[in-house]
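Okay, structure first, notes after.
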Amino acid sequence: MPGFATSAIHEGNAIDRETGAIRRPITMANSYALPYDPSDINWSSAEGSIYTRNGGANQRYLQEKLCAIEGAEDCVVLASGVAALGGVFFAFLGHGDHAVVSDSTYIAAYRLLHELLPQKYGVMTTLVDSTNPGEVSAAVRPNTKLIHIETPANPTLKVSDISAIAEIAHGSGALLSVDNTFASPYNQLPTSLGADLCVESLTKYINGHGDAMGGAVLGRKDLIDKIRAEAMVNLGGAISPFNAWLIMRGAVTLPLRMRQHNESALEIAKFLNSHEAVRFVAYPGLESDRGHAVAKKQMTRGFGGVMAFGLDAGHDAHNSFVSRLEVITSAVSLGHDESLIVFLGENDERQHLYPEEFRRGFFRLSVGLEDTEDIIEDIRRALA
């Protein structure tokens, strides 16, 4: 079986039969030629090529590559990471069903599971500290259909034990979905640890260039077929051919980029952790981090490029620090080539769910691919 880097380069790619190009082209068509007698076609089918909302050529190529690097049976690529999350929830949760959810998640997952699905469709959810498997187990009900976790979590970097929670889910007849965006498939493979579904925001590390949006769900074919039919074809969450092509291009360098993200982030986290002006650092690569032991067990190549930290200072000082940065850019998202930072203040509606040290405001830092020394010096100057 080819290694990770070989799969990242070659899977999903082939010589174009028409031109001989050694890279598959962008197929921007939204419609494909029908057979002689199309009268018995299922117009909502995702099989074959009918209409790009049902699946396009570039999407299929990208799905092949992702299956190979994640070691999954099947994959569906959608328009964004949120479309992928929504696809999982829409496909497997219905009126009267219950879900157990990490209390620290991406804001859109929180909105969908804590507000929109309960209000609109009668789905019940329980937020738990998923770093504690006992708390997850205690929250399971007879009607629990899904356990959804993020690890490492956004924005607190809390680490949950995938294997332990998979046992809880399967023992109760529920599915386990894991948002793997902060780790990336280079560092962590949730389906190999027992998860039924792995969600990736392709916008982040897998694309890696900050210029395309996409999301993916990976897992068993029967589960993916349900998401493909319901969330892509009938809800219209299809990815554009151009974005699929851009992400396909970006994924080729994923292993090279992740090695640098991992290495730089660990060095920067150690620097921040030793600075007198820094109140706390949350990064699973630090031996002092509360999630380090579990992260070391399931994140096999490194701990990712995202961390959180707070200053021993007030609200305005945090903003003043950001205004003095020159290498690091103040912007949302993560996994880009450039380092990105965002200040999350004290007014977040979920502050009460975060660990105590986060409640005075903090930064989420996504370490980019600049020279590590330049990033550290940028932070040092701004702190001074």
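Derivation of every value follows stated rules applied to the coordinates shown; laboratory data play no part. Treat the numbers as computed from the prediction; the structure is a model and nothing was measured. When we count neighbours, we look across all protein chains shown, and the Cβ atoms used for this are built from the backbone with ideal geometry, even at glycine.
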For the pair Ala331 and Glu115, the simple spin-label estimate (label points 7 Å beyond Cα toward Cβ) gives in nm 2.6 nm
Expressed as a whole-number percentage, the relative contact order of the chain with C-alpha contacts under 8 angstrom and at least six residues apart is 17 percent
Plugging the Cβ-Cβ distance of His95 and Thr253 into 1/(1 + (r/R0)^6) at R0 = 30 Å yields, to the nearest 0.05, a FRET efficiency of 0.10
Taking Cα atoms only, helix 162-171 is inclined relative to the longest principal axis of the chain by an angle, in degrees rounded to 10, of 50 degrees
Heads up, the range 277-321 by the C-alpha gyration tensor (a ≥ b ≥ c square roots of eigenvalues; a/c under 1.5 rounded, else a/b over b/c prolate, else oblate) looks prolate
Longest principal axis of the chain (C-alpha) makes with the long axis of helix 254-273 (C-alpha) an angle, in degrees to the nearest 10, of 20 degrees
About its Cα centre, the range 1-97 carries a charge dipole, from +1 on Lys and Arg Cβ atoms and -1 on Asp and Glu Cβ atoms, whose size in debye to the nearest 20 is 380 debye
Once normalised by the length of the range 44-101, the mean sequence separation of its alpha carbon contacts under 8 Å that are 6 or more apart gives a contact order in percent of 16 percent
Taking the chain and counting helices only, DSSP H stretches of n ≥ 4 at -39,500 (n - 2.57) each over all residues, the nearest-500 ellipticity at 222 nm comes to -9500 deg cm²/dmol
Distance in nm between Glu373 and Glu287 label points, each 7 Å along Cα→Cβ, equals 2.6 nm
The size of the Cβ-based charge dipole (Lys, Arg +1; Asp, Glu -1) of the chain about the Cα centre, to the nearest 20 debye, is 380 debye
Counting only DSSP beta bridges with both partners in the range 254-383, the antiparallel fraction in percent, to the nearest 5, comes to 85 percent
As a percent rounded to 5, the proportion of antiparallel DSSP bridges among beta bridges in the chain is 55 percent
In Å³ per residue, the alpha-carbon convex hull of the range 254-383 encloses 106 Å³
Proxy exposure order for Leu340, Leu202, Leu127, Leu146 (fewest C-beta within 10 Å first) is Leu127, Leu340, Leu146, Leu202
Computed D for the chain, Stokes-Einstein, Kirkwood radius over alpha-carbon pairs, 37 °C, 0.692 mPa s, to the nearest µm² per second, is 153 µm²/s
With the dipole of the chain defined by +1 on each Lys or Arg Cβ and -1 on each Asp or Glu Cβ, the option from Leu325, Ile247, Leu383 whose Cα lies farthest towards the positive pole is Ile247
Per the C-alpha gyration tensor (a ≥ b ≥ c, the square roots of its eigenvalues), the range 80-140 is rounded if a/c is under 1.5, else prolate if a/b beats b/c, else oblate; here it's oblate
Those GluC sites (Glu not before Pro) from the range 1-67 that are DSSP loop and have at most 14 other Cβ neighbours within 10 Å turn out to be Glu18, Glu47
Taking every other residue with Cβ under 13 Å from the Cβ of Leu325 and scoring Lys and Arg +1, Asp and Glu -1, one gets -3
GNM on the chain, Cα springs under 10 Å; top mean-square fluctuation among Ala174, Ala164, Ala269 goes to Ala164
When Cys198, Cys67 are ranked with the fewest other C-beta atoms within 10 Å first, the list becomes Cys67, Cys198
Eigenvalues of the alpha-carbon gyration tensor of the range 318-384, times 5 and square-rooted, give semi-axes in Å, largest first, of 23, 14, 10
Tilt, helix 81-92 to longest principal axis of the chain (alpha-carbon atoms), in degrees rounded to tens, equals 60 degrees
Expected sort for Tyr36, Tyr354, Tyr186 with the fewest Cβ neighbours (10 Å cutoff) up front is Tyr36, Tyr354, Tyr186
For the range 320-378, listing GluC sites (Glu not before Pro) in a DSSP loop whose Cβ sees at most 13 other Cβ atoms within 10 Å gives Glu326, Glu346, Glu349
Quick shape check on the range 240-327: root eigenvalues a ≥ b ≥ c of the Cα gyration tensor, a/c under 1.5 is rounded, otherwise prolate if a/b tops b/c, else oblate, and it reads oblate
Pairs over 23 Å Cα to Cα, from Lys270/Lys297; Lys145/Lys226; Lys65/Lys270; Lys65/Lys145; Lys120/Lys145, come to Lys65/Lys270; Lys65/Lys145
Cross-link reach from Lys221 to aspartates and glutamates, straight Cα distance under 12 Å and at least 8 residues apart if same chain, gives Glu73, Asp74, Asp196
